[in-house]
C-alpha cells in the first residue's frame, strides 16, 4: 500500500487497534499488519512518531513496564482518543462514500 494512501487515516487506525486493550508499540504494528491482511507493514519510523504525536494530543496515554527484563511502553486509548476515533470513523465512512460514488457511478 502506498504511503500517500495512509495520509489522514493512520491516526484513527492506530486508535482503533488500541481501543479494545492497551498494547505496546510492536504489538500495535503486528495488529495493524494482521487486521490489514498484511498490507500495513509500517516501519518503526512511521509508527513511533505517530504514537508520540497521539499521546501529546491527549488521545493516548502510556506507561512503562518491564516484561522479561525488557522495558516496554504500553499505550491505551483515552476518553479524548475515543471521541477522536468515533469522529475518524465517521469521516472515513463519508470519504469512502464519496470515493465509491466517483469510482462506481450508477452503482451507489
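In the set 43, 22, which member is over 12 Å from the mean Cα position of the chain (by Cα) and under 17 Å from residue 74 (Cβ atoms)?
22
How do the helices (runs of 4 or more DSSP H) wholly within region 1-88 filter down when requiring 3 or more residues that are in contact with a helix residue (DSSP H, G or I) (Cβ under 8 Å, 6 or more places away or on another chain) and either surrounded by fewer than 13 Cβ atoms within 10 Å (Cβ to Cβ) or touching a residue at least 24 places away in the same chain (Cβ under 8 Å) (or both): which remain?
Ranges flagged: 10-18, 44-56.
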- Query: So which pairs qualify, if the first residue must be in region 89-104 and within 18 Å of residue 15 (Cβ to Cβ), the second must be surrounded by 11 or more Cβ atoms within 10 Å (Cβ to Cβ), the Cβ gap must be under 7 Å, and the two must be at least 6 apart or on different chains?
  - Reply: 89/12; 92/9; 92/12
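Rule-based calculations on the coordinates, nothing more; no lab input. All figures in this text were calculated on a predicted structure; none of them were measured in a lab. Don't worry about glycine lacking a Cβ; one is built from the backbone with ideal geometry, like all the others, and counts go over all protein chains shown.
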